[in-house]
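Here's the structure we're looking at; comments come further down.
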Amino acid sequence: MTTTPFPPVRLVRNVRPWGGEASDIRIDENGVVTEITPAAEQESAPGTVDGRGLLAIPGLINAHAHVDKSWWGHPWQSYGGEQSTEGRIRHERERRGELGIPSIDITRAVLDESVRTGTTAFRTHVDVDLGLGLDGISIVRDAFAQFDGALGLQIVAFPQDGVLRRPGVVDLLAQAAAAGVEFIGGLDPAAIDRDPVGQLDALFDIAAEHGCGIDIHLHDGGELGAFELELIAERTERYGLQGRVNVAHGFAIAQIPETRRRDLLQTFGQLDITWSTVAPLRLPQLPLHEFAEARVDFAFGTDGIRDLWSPYGTGDLLGIAWQYARAGGVVRDEDLLRVVEIASSRAARFVGREVHDLVVGSRADIVLIDAENPMDALVRTPAREIVIGGGRLLHA
């Protein structure tokens, strides 16, 4: 008799959702939470996980990943790129072939490590360029398929080598959108393509025609980056893409004067434009309270994990949340709790979900941690003891 590598879970017994009272969580055959009741003594039946009184939080959501381009599983690769976006792009293009990037095995290794640390859903950028075509998208989908539906996935077709400066890339993005990717990406319209209006117009035309969203990398800082943010806002309103546009990185928003930032954030909140951050240590962090007041949702991502851009990265999304909180001086309980929520329940929309929480009706993505409460879990980032995705046991 064969057994599934990810057995179904029907009852998670004796856990403390969000650090509250000990509870039992029941899950149906579709991987949905059907009941949460006070913990009770009961016989262990097939599909039961003993939570041992551990803290339970929703599965972590990685809202900005690049699971297609790691060298995880290879021998150590010495960093050889130049300290610029352009230099790193060239270095990656020179070496990815010899390392077999992208591949199903490498992507699976990245996913395994991410799952071990509690991530159960991903929005991942996948390179689309003249060398790879759309093959990377198929590779990533095949790697996720090995988890038999236990992991959430949304794909961004990502033009890492530029949009307009490489003739044919716009057509590839349109093909990816027509084939069903949830988002198309962009990259530094000014610094890379030297044509911010042209790049953004091309992206918004594709999104409007095919009904996908836009998730654009924006590294350009200061006033240049702020100008590009204004262009993004203008087009979001003009094309009627409210709620379907995300800015990744967007370093400029934390670098401009407070008054200018407040005005931009208010505009973004009104247009329901979201943000994703990898909490870079060398730069100011997104201001937690200012984003909340403007009602601009943001989420955390790992960015690349041990790739040809940087040897750093473990796939631990809670570690990114810790980095954001520590670097931003977040210390109050209510703010620490909000950071954990941003890493999990508040990021539901970033993977196409209306709800992602420990509540009846939610998909059963559950992480169990030996911690007193979510704040304790954030500041210590202890091991994830048990990880459940879509009602399937992924790690224990």
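The values are calculated or read from the model by the stated rules, or taken from the named source; none is laboratory data. Note that this is a predicted model, so its numbers are computed, not measured. For neighbour counting, all protein chains shown are included, and Cβ atoms are generated from backbone atoms with ideal geometry for every residue, glycine included.
If you go through segment 355-383 and pick out every residue that is assigned to a helix (DSSP H, G or I) and not acidic (Asp, Glu), you end up with 6. If the condition is being over 12 Å from Asp68 (Cα atoms) and in a loop (DSSP other than H, G, I, E, B), then segment 103-133 contributes Thr117, Gly118, Leu130, Gly131. The residue that is modelled with the highest pLDDT, counting only those in segment 1-24 that are exposed (fewer than 11 other Cβ atoms within 10 Å of the Cβ) and of a type in the set (Val, Ile, Thr), is Thr4. For segment 352-377, the set of residues classified as buried (at least 23 other Cβ atoms within 10 Å of the Cβ) and within 18 Å of the chain's Cα centre (by Cα) consists of His356, Arg363, Asp365, Ile366, Val367, listed by residue number. For segment 59-77, the set of residues classified as touching a residue at least 40 places away in the same chain (Cβ under 8 Å), in a loop (DSSP other than H, G, I, E, B) and not charged (D, E, K, R) consists of Gly59, His66, Val67, Trp71, Trp72, Trp76, Gln77, listed by residue number. Condition first: touching a Lys or Arg at 6+ places or on another chain (Cβ under 8 Å) and not in a helix (DSSP H, G or I). Now tell me which residues in segment 324-354 satisfy that. Arg353 - this is the single residue of segment 324-354 that is touching a Lys or Arg at 6+ places or on another chain (Cβ under 8 Å) and not in a helix (DSSP H, G or I).
When you look at Ala121, is it within 15 Å of the chain's Cα centre (by Cα) and either crowded, with 22+ Cβ neighbours inside 10 Å or under 24 Å from Ala347 (Cα atoms) (or both), yes or no? It is true that Ala121 is within 15 Å of the chain's Cα centre (by Cα) and either crowded, with 22+ Cβ neighbours inside 10 Å or under 24 Å from Ala347 (Cα atoms) (or both). One residue alone among Ile104, Ile89, Ile27 is farther than 30 Å from Asp129 by Cα and either of a type in the set (A, V, I, L, M) or modelled with pLDDT under 95 (or both), and that residue is Ile27. A residue that is in contact with a Phe, Trp or Tyr (Cβ under 6 Å, 6 or more places away or on another chain) and over 24 Å from Gln154 (Cβ atoms) occurs nowhere in segment 262-279.
Let's see how each residue does on (1) closer than 20 Å to Ala396 by Cα; (2) among the charged types (D, E, K, R):
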residue: Arg13; (1), (2): yes, yes
residue: Pro17; (1), (2): yes, no
residue: Asn30; (1), (2): no, no
residue: Ile36; (1), (2): no, no
residue: Ala45; (1), (2): yes, no
residue: Thr48; (1), (2): yes, no
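Scanning segment 253-292 for residues that are among the β-branched types (Val, Ile, Thr) and part of a helix (DSSP H, G or I), which turns out farthest from Ile305 (Cα to Cα)? Per the criteria, the residue is Thr259. Can you name every residue in segment 277-314 that is within 23 Å of Glu385 (Cα to Cα) and at pLDDT 95 or above? If the condition is that a residue be within 23 Å of Glu385 (Cα to Cα) and at pLDDT 95 or above, then Phe300, Gly301, Thr302 are the ones that fit.
Tell me, yes or no, whether segment 79-94 has at least one residue that is closer than 17 Å to Ile305 by Cβ, over 18 Å from the mean Cα position of the chain (by Cα) and buried (at least 20 other Cβ atoms within 10 Å of the Cβ). Yes, segment 79-94 contains at least one residue that is closer than 17 Å to Ile305 by Cβ, over 18 Å from the mean Cα position of the chain (by Cα) and buried (at least 20 other Cβ atoms within 10 Å of the Cβ). Of the residues making up segment 99-114, one or more are of a type outside the set (A, V, I, L, M, F, W, C), in the same structural domain as Leu200 (by TED's automatic domain parsing) and at positive phi.
One line per residue, one yes/no per condition, for (1) over 21 Å from Arg108 (Cβ atoms); (2) touching an Asp or Glu at 6+ places or on another chain (Cβ under 9 Å):
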{"position": "Leu130", "(1), (2)": "yes, yes"}
{"position": "Gly136", "(1), (2)": "no, yes"}
{"position": "Phe144", "(1), (2)": "no, no"}
{"position": "Asp148", "(1), (2)": "no, no"}
{"position": "Ala157", "(1), (2)": "no, yes"}
{"position": "Leu172", "(1), (2)": "yes, yes"}
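For Leu111, indicate whether it is at pLDDT 95 or above and closer than 24 Å to Val245 by Cβ. No, not satisfied.
Selection of segment 370-394 for residues being touching a Gly at 6+ places or on another chain (Cβ under 8 Å) and either under 27 Å from Asp28 (Cβ atoms) or of a type in the set (Ser, Thr, Tyr) (or both) yields Pro374, Thr381, Arg384, Ile386, Val387, Ile388, Gly389, Gly390, Gly391, Arg392.
On inspection, Ser138 passes the criterion of being outside any loop (DSSP other than H, G, I, E, B), small (Gly, Ala, Ser) and surrounded by fewer than 19 Cβ atoms within 10 Å (Cβ to Cβ). Picking from residues in segment 147-181 that are closer than 25 Å to Ala121 by Cβ and free of Cβ contacts under 8 Å to residues at least 40 places away in the same chain, the one that is surrounded by the fewest Cβ atoms within 10 Å (Cβ to Cβ) is Gly180.
Yes/no matrix, rows are residues, columns are (1) outside the structural domain of Ala150 (by TED's automatic domain parsing); (2) of a type in the set (S, T, N, Q); (3) assigned to a loop (DSSP other than H, G, I, E, B); (4) in contact (Cβ under 8 Å) with a residue 40 or more places away in the chain:
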residue: Arg16; (1), (2), (3), (4): yes, no, no, yes
residue: Gly20; (1), (2), (3), (4): yes, no, yes, no
residue: Ile25; (1), (2), (3), (4): yes, no, no, yes
residue: Asn30; (1), (2), (3), (4): yes, yes, yes, yes
residue: Val33; (1), (2), (3), (4): yes, no, no, yes
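Picking from residues in segment 227-260 that are among the small types (Gly, Ala, Ser) and over 27 Å from Leu281 (Cβ atoms), the one that is surrounded by the most Cβ atoms within 10 Å (Cβ to Cβ) is Ala233.
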